[in-house]
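The values are calculated or read from the model by the stated rules, or taken from the named source; none is laboratory data. Because the structure is a prediction, the values reported are computed rather than measured. Note that we place each Cβ from the backbone using ideal geometry, even for glycine, and neighbour counts take in every protein chain shown. For the accessible areas, the whole protein counts, side chains as well, though only heavy atoms, and no ligand, DNA or RNA atoms are used. Shrake-Rupley method; radii C 1.70, N 1.55, O 1.52, S 1.80 Å.
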Amino acid sequence: MVDLSELLQAAHGGDAVTALAQKYGISQEQAKAALAALSPALAQGVQNHLQNPEGFSQILGHLNDPAHQAAYGDVAGVDAPAAASAGGDLLGQIFGGSANVEQIVQHIGQETGLSPDLLNKLMPVVASMTMGGVAKSLQEGGLGGLLQQFGGAAGQNGVLGGIFGQLASALGQSAQNAQAQAGQAAGQAQAGGLGGIFGAVVGAIFGQSTPAAGASAAPQSGAAPAAGGIDPALAQAAMNALGGLFQSASASPGLQNVLGQILVKR
């Protein structure tokens, strides 16, 4: 489990708060408050986005984006235009456009006293740092190679797109069964952890009988495989497992209400 607020403060070798304060001309207290306020919104947005196959594919792409990894790694990465651009793309995907992002920014500004102008500049950068930080956590957990392999499949036209298109249909046709079986699949894969779940799905994508090297195979749940041999319940378990990496303190009731109105439409 990754607490996003703590993860963000650990960026840049633990100097993220100082770096952001200097970059945007604010106090360290304001920078810390901004990270604490933005983290719950980002966590909920990503978790919600991961619950559909297209969103899952997009998040995998972001986790493999060098711009995000650079934004988390050092101050120069945050200053690079690529970080704000990639972070802005992520925000648009998880929240559904600039109008929704602005609604979140305005509410956080009211709650924290931080100016919406500042938050509009900070939010894409913080989003980029978030993805870079989670990617680093996965790499440190030994899943870097597996993440790259899975993310590479996400970028292959006609490969993952077709699989996830049919997978979405499979999940939609038996949503309740898939959700229930996903818990069973995740439990069965506990010995292999996230690597076991991802390894099994990657193996199905590439037509392999075994997962990538270093990842334990996850036992099948018994559900009928979807396109490419992917078990819908196993894929749902992978979505849930990846979403579990994006954890944060609870949003305030007011922000929770705003996010609920936005995310219910996604």
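Things to note:
- Sole residue being at pLDDT 95 or above and either of a type outside the set (A, V, I, L, M) or open to solvent by less than 20 Å² (accessible area, probe 1.4 Å) (or both), chosen from Q139, Q93, Q69, Q148: Q93
- Within the range 73-90, considering residues that are assigned to a helix (DSSP H, G or I) and open to solvent by 60 Å² or more (accessible area, probe 1.4 Å), the one nearest to G61 (Cα to Cα): D89
- Residue in the range 93-106 that is in contact with a Ser or Thr (Cβ under 7 Å, 6 or more places away or on another chain), within 16 Å of A33 (Cβ to Cβ) and without any contact (Cβ under 8 Å) to a residue 24 or more places away in the chain present: no
- Subset of the range 34-59 [under 9 Å from the mean Cα position of the chain (by Cα) and aliphatic (A, V, I, L, M)]: L42, A43, V46, L50, I59
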